[in-house]
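Beneath this line is the structure, given in structure tokens, with notes to follow.
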Amino acid sequence: MVSSELGVSVSTLIGWSKDPDAFERRRASCARCGSARLPASAYAALLGFYLGDGHIARGPRYFALRVSCDNTYLSIIEDVAACMAAVHPNGRIAQLRRPGCINVQSTWQHWPCLFPQHGPGPKHKRPIVLDDWQRTIVEDHPGPFLRGLFHSDGSRVKNWARRPVAGQPKTYEYPRWQFVNASQDIRELCCWALDLVDIPWRQSNVRVISVSRREAVARLDELIGLKS
Ligand SMILES: [Zn+2]
């Protein structure tokens, strides 16, 4: 059925047949199949959030982009909502409460245009490859992309060590960032973006990318901000 292929209702199709410009106006709102401008920095961050804790669900009329956020990090929830609002300015952002988390959601028929990685099944069970236009945006805006990745699937953990100084034990704090994701493709995208900004990393576990050198942690702190 044509209406289901386009992701719109029959009444919308009838409306378009009476007002042909309406279809063009609607398509024009998309930066990929239409003529809208994509706010690159907000998009780069939203791409990071999507690859971290986001997914796209197909509804009867629209696709829903959802990013699952820990409900203790209110600034990150605001950040995700602001990025969605920048990328889809006419959309309504919903915050859906779930146990321990809040799903930030926006519905739109064009989300798969902007996130062509959308597909059936979990992200770690299918290839995740960025299109050239997405790689260009991340190359221009690696910081926002890393913010999206680390503020969704990352954590800043503190390690402690005691060392004697002038005969007295002294406690040192060693913060480090970790990015944890089951998808090798997504971990490699994280490493690629860290390379773009010359931040050294290492694979500390099969699913974990660590940034642990003192200067590297400070640089990443400055680039993406702490989780709050
Ligand atoms: Zn589109």
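The values are calculated or read from the model by the stated rules, or taken from the named source; none is laboratory data. Computed from a prediction, not measured in an experiment: that's the story for all the values here. Counting neighbours? That spans all protein chains shown, and the Cβs are built from the backbone with ideal geometry, glycine included. All accessible areas refer to the heavy atoms of the entire protein, side chains included, with ligands and DNA or RNA removed. Shrake-Rupley method; radii C 1.70, N 1.55, O 1.52, S 1.80 Å.
Compute a Gaussian network model of the chain, connecting alpha carbons closer than 10 Å, and tell me which residue from ASN159, ASN90, ASN181 fluctuates the most.
ASN159
Using mean Cβ contacts within 10 Å as the protection proxy, how do 149-156, 207-214 order, highest first?
In decreasing order of mean packing, 149-156, 207-214 become 149-156, 207-214.
Which is farthest toward the positive dipole end of the chain among SER41, ILE128, THR72, measuring Cα position about the Cα centre, with Cβ charges +1 (Lys, Arg) and -1 (Asp, Glu)?
My answer, from the dipole projection, is THR72.
Output the relative contact order of the chain, whole-number percent, from Cα pairs under 8 angstrom with separation of 6+ residues.
Relative contact order, the chain: 18 percent.
What's the whole-number percent of alpha carbon pairs in the chain lying beyond 26 angstrom?
When all Cα pairs of the chain are counted, 43 percent exceed 26 Å.
Considering the chain as a Gaussian network with a 10 Å cut-off on Cα pairs, which listed residue, LYS158, LYS125, LYS170, attains the greatest mean-square fluctuation?
Fluctuation is largest for LYS170.
With +1 on each Lys and Arg Cβ and -1 on each Asp and Glu Cβ, and nothing else charged, work out how big the dipole of the stretch 183-228 is about its Cα centre, in Debye to the nearest 20.
That gives a dipole near 240 debye.
Roll a 1.4 angstrom probe over the protein heavy atoms and tell me the percent of accessible area of the chain that is carbon or sulfur.
C and S fraction of accessible area: 51 percent.
Just to confirm the number: angle between the C-alpha axis of helix 142-153 and the first principal axis of the chain, 0 to 90 degrees, nearest 10?
80 degrees
Quick one: if you stick a label point 7 Å off each Cα along the C-beta vector at ILE93 and ARG162, how many nm between them?
Simple spin-label model gives 4.6 nm for this pair.
Can you tell me the alpha carbon radius of gyration of the stretch 103-202 divided by the globular rule-of-thumb value 2.2 N^0.38 Å?
My calculation over the Cα atoms of the stretch 103-202 gives 1.46.
On a full-extension model of 0.36 nm per residue, what is the gain between VAL180 and SER155, subtracting their alpha-carbon distance, rounded to one decimal in nm?
8.2 nm
How much accessible area per residue does the stretch 93-178 have, counting only protein heavy atoms and a probe of 1.4 Å, in square angstrom?
54 Å²
Using Cα springs under 10 Å in a Gaussian network model of the chain, which residue among GLU139, GLU215, GLU173 shows the largest mean-square fluctuation?
Of GLU139, GLU215, GLU173, the most mobile in the Gaussian network model is GLU173.
Below 8 Å, C-alpha to C-alpha, sequence gap of six or more: please give me the relative contact order for the stretch 95-225 in percent.
On the way: 150 pairs, mean separation 27.0, N = 131.
Once divided by the residue count of the stretch 95-225, the mean separation gives 21 percent.
Provide the net charge surrounding VAL180, with neighbours chosen by a C-beta distance below 15 Å and charges set as Lys +1, Arg +1, Asp -1, Glu -1.
+2
On a 1.4 Å probe surface of the protein chains, which of VAL217, VAL129, VAL180 comes out largest in accessible area, and what is the full order?
The ordering from most to least exposed comes out as VAL129, VAL180, VAL217.
For the chain, find the longest principal axis of its Cα atoms and tell me its angle to the long axis of helix 40-53, 0 to 90°, nearest 10.
The angle comes out near 80 degrees.
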